[in-house]
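Student: One structure, as structure tokens, below. Some questions next.
No value in this document is a laboratory result; all are computed from the given coordinates. What you are looking at is a predicted structure, and each value in this text was computed from that prediction instead of being measured. As a convention, Cβ positions derive from the backbone with ideal geometry for all residues, glycine included, and neighbour counts pool all protein chains shown.
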Amino acid sequence: MGDNSRDGERAAAPGNDRAGGADPFIRGMDLSTLLEVEHCGGRFYDHGAADGAMDILKRYGMNMVRLRLWNDPFDEHGNSYGAGGNDIETTLTLAKRAKSKGIGWLLDFHYSDFWADPGKQTVPKAWRGLGAEELARAVHDYTREVLERCRREDVLPQMAAIGNEVTNGLLWPHGKTTDFPGMVRLLNAGLAAVREAAPETRTMLHLDNGGNNALYRSWFEQYFACGGDDFDCIGLSYYPFWHGTPDMLRANMNDLAARFRKELIVAEISTGHTMEDYTAYEQLAPENRKGMASRRELAERVPYPMTEQGQADFMRDIIRIIRETPDGLGRGFYYWEPAWIPVPGSGWATKAACEYIGESGPGGNEWANQALFDYDGNALPALAVIRDA
């Protein structure tokens, strides 16, 4: 595809001081639910000493946070949809906390009022009924307004992801990949808004299924063929119980580096530290618990045991894979929701949220066994690996 990279105008992501100088490698964490977890009573500890999750994670090398943004994550009565309630106020509160600690951030636009991923890309309530051109204008104007507010409040993100896991498009049905030019129109609208409002902010396009090279090759080839605008970084989600082996991730990243010459960031990654249940922590009736995403039949596919040591070994190997990407194009990772420990009241969706996205319940936390803290909030061994690798 040739060299589609952008250089010169963008600042590098912040790094940690290490032997030999500053290390620009991103050791990122998605902390989007943190305020909710804290509000519900979650507490965090490092070797028995209580401290804030962000402070603990920074000590273990975290230099960026990733924060999602939902347009209007509330029902008609003003009640939060849950899962962090990531409206602009919540997101900027966390971003300002990070900045006060010398930590940068990635702004993850979902362009939805709740979860957006390869299985659902629900149009925000305020944008329902818009035609294709009107929807593109809404994406542009919303993106620009958010970034202008970030600038006013002195918390401009170092990077912005235009859509979340847009493997199958965004803002369905107009932006489905069945109409690739229509999807590209929407992505271009968001990219244009970043260039206008925050040219120093780097841009990411993010897919899931990070071990699937055929998917990434086809998607980005079509993107450019349909007039897709330039951007800075390809983001990959990689969950080993869904997305193939680590060797498949390596092969994909190596090919993408050679083919598209873009920075590569594993924008979402995690694995389990235990398969023990956390019912007692959530205090929910069985019919109201979603249960683990990494259920046992999926965990058996992973070449690392879901133990504390297995989690640490997995992260050591993944960091090596990213660092060994050709030409230094593997720039780092964001661990997904390392602080989403199981506390009563913090779940993936409320009843109203499920109605909005067209899915059924129940609620509860499905990620607690993949955090980087145990169920009681104690820092796990994988954090030392992340700091030192």
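Student: Taking the Cα centre of segment 259-389 as the origin and placing charges on Cβ (Lys, Arg +1; Asp, Glu -1), which of VAL302, ILE319, GLY358 is farthest toward the positive end of the dipole?
Tutor: ILE319
Student: Here's a follow-up. Assuming R0 = 41 Å, can you tell me the calculated FRET efficiency for the pair GLU145 and ASN378, based on Cβ-Cβ distance, to the nearest 0.05? If you can, show how the numbers build up before the last one.
Tutor: Working: r = 41 Å, r/R0 = 0.99.
After rounding, the FRET efficiency stands at 0.50.
Student: What is the gain in length, in nm to one decimal, between ASP23 and ARG323 on full extension, counting 0.36 nm per residue of separation less the C-alpha to C-alpha distance? Display every interim value, and only then the final one.
Tutor: Values: separation 300, 0.36 × 300 = 108.00 nm, distance 1.16 nm.
Net length gain for the segment: 106.8 nm.
Student: Averaging sequence separations of C-alpha pairs under 8 Å and six or more residues apart, then dividing by the length of the chain, give the relative contact order as a whole percent.
Tutor: Numbers: 823 pairs, mean separation 81.2, N = 389.
Relative contact order comes out at 21 percent.
Student: Sticking with this one: Under a crude label model (7 Å from the Cα following the beta-carbon direction), how far is ALA214 from ARG301 in nanometres?
Tutor: 1.6 nm
Student: In deg cm²/dmol and to the nearest 500, what is the mean residue ellipticity at 222 nm of the chain if only DSSP H runs of at least 4 residues count, each as -39500 (n - 2.57), divided by the residue total?
Tutor: Numbers: 12 runs with 131 residues, N = 389.
That calculation yields -10000 deg cm²/dmol at 222 nm.
Student: Treating the beta-carbon of each Lys and Arg as +1 and of each Asp and Glu as -1, no other charges, what is the dipole magnitude of the chain about its Cα centre, to the nearest 20 debye? Could the numbers behind the result be given before it?
Tutor: Working: 41 positive and 57 negative charges, 125 e Å.
Using Cβ point charges on Lys, Arg, Asp and Glu, the chain gives about 600 debye.
Student: Which order results if SER270, SER218, SER360 are arranged by neighbouring Cβ count within 10 Å, fewest first?
Tutor: On the way: SER270 29, SER218 12, SER360 8.
Going from least to most buried by this count: SER360, SER218, SER270.
Student: Which FRET efficiency, nearest 0.05, do ALA258 and ASP154 yield, Cβ-Cβ r, R0 30 Å?
Tutor: Numbers: r = 39 Å, r/R0 = 1.30.
The formula returns an efficiency of 0.15 here.
Student: How much length, in nm to one decimal, is gained on full extension between ASP179 and HIS39, taken as 0.36 nm per residue of separation minus their Cα-Cα distance?
Tutor: Numbers: separation 140, 0.36 × 140 = 50.40 nm, distance 4.22 nm.
Value of the extension gain: 46.2 nm.
Student: Taking every DSSP beta bridge that has both residues in the chain, what percent is antiparallel when rounded to the nearest 5? Display every interim value, and only then the final one.
Tutor: Numbers: 10 of 47 bridges.
Around 20 percent of the beta bridges assigned by DSSP in the chain are antiparallel ones.
Student: State, to one decimal in nm, how far the label point of GLU134 lies from the label point of ASP51, with both points 7 Å from Cα in the Cβ direction.
Tutor: 5.2 nm
Student: Let me ask something additional. Going down the table (LYS125/LYS351; LYS176/LYS351; LYS101/LYS125; LYS96/LYS290; LYS120/LYS290), which pairs top 28 Å between alpha carbons? Display every interim value, and only then the final one.
Tutor: Numbers: LYS125/LYS351 16 Å; LYS176/LYS351 26 Å; LYS101/LYS125 35 Å; LYS96/LYS290 32 Å; LYS120/LYS290 18 Å.
Among LYS125/LYS351; LYS176/LYS351; LYS101/LYS125; LYS96/LYS290; LYS120/LYS290, the Cα-Cα distance tops 28 Å for LYS101/LYS125; LYS96/LYS290.
Student: Now, a different point. Let me know the shape class of segment 70-203, please: from the alpha-carbon gyration tensor, a ≥ b ≥ c as square roots of the eigenvalues, rounded when a/c is under 1.5, otherwise prolate if a/b is greater than b/c, or oblate.
Tutor: oblate
Student: Can you tell me which of CYS150, CYS233, CYS40 moves the most in a GNM of the chain? Springs connect C-alpha atoms under 10 Å apart.
Tutor: Among CYS150, CYS233, CYS40, the largest GNM mean-square fluctuation belongs to CYS40.
Student: Okay, next question. Rule-of-thumb check for the chain: C-alpha Rg over 2.2 N^0.38 Å? Don't skip to the end; give the middle numbers.
Tutor: Details: Rg = 19.5 Å, N = 389, 2.2 N^0.38 = 21.2 Å.
Taking the Cα Rg and dividing by 2.2 N^0.38 Å, one obtains 0.92.
Student: Let me ask you something else. Evaluate the charge dipole of segment 170-288 about its Cα centre and quote only its size in Debye, nearest 20, assuming +1 on the Cβ of each Lys and Arg and -1 on the Cβ of each Asp and Glu.
Tutor: Working: 9 positive and 16 negative charges, 119 e Å.
So the dipole magnitude of segment 170-288 works out to roughly 560 debye.
Student: Another question, if that's okay. Take the alpha carbon gyration tensor of segment 199-349, find the square roots of its eigenvalues, order them as a ≥ b ≥ c, and report rounded if a/c is under 1.5; if not, report prolate when a/b exceeds b/c, else oblate.
Tutor: Details: a/c = 2.27, a/b = 1.78, b/c = 1.28.
Prolate is the answer for segment 199-349, as a/c is 1.5 or above and a/b outweighs b/c.
Student: I want the local charge near ALA50. Using Cβ-Cβ distances under 13 Å, sum +1 for each Lys or Arg and -1 for each Asp or Glu among the other residues.
Tutor: Values: positive: ARG43; negative: GLU38, ASP46, ASP51, ASP55, ASP376.
Net charge in that neighbourhood comes out at -4.
Student: Run the numbers for TYR281 and CYS226: contour at 0.36 nm per residue of separation, minus the present Cα-Cα distance, in nm.
Tutor: 14.9 nm
Student: Determine the shape class of segment 33-87: with a ≥ b ≥ c the square roots of the Cα gyration tensor eigenvalues, call it rounded for a/c under 1.5, and otherwise prolate if a/b is greater than b/c, oblate otherwise.
Tutor: Details: a/c = 5.92, a/b = 1.91, b/c = 3.11.
Cα axes put segment 33-87 in the oblate bin.
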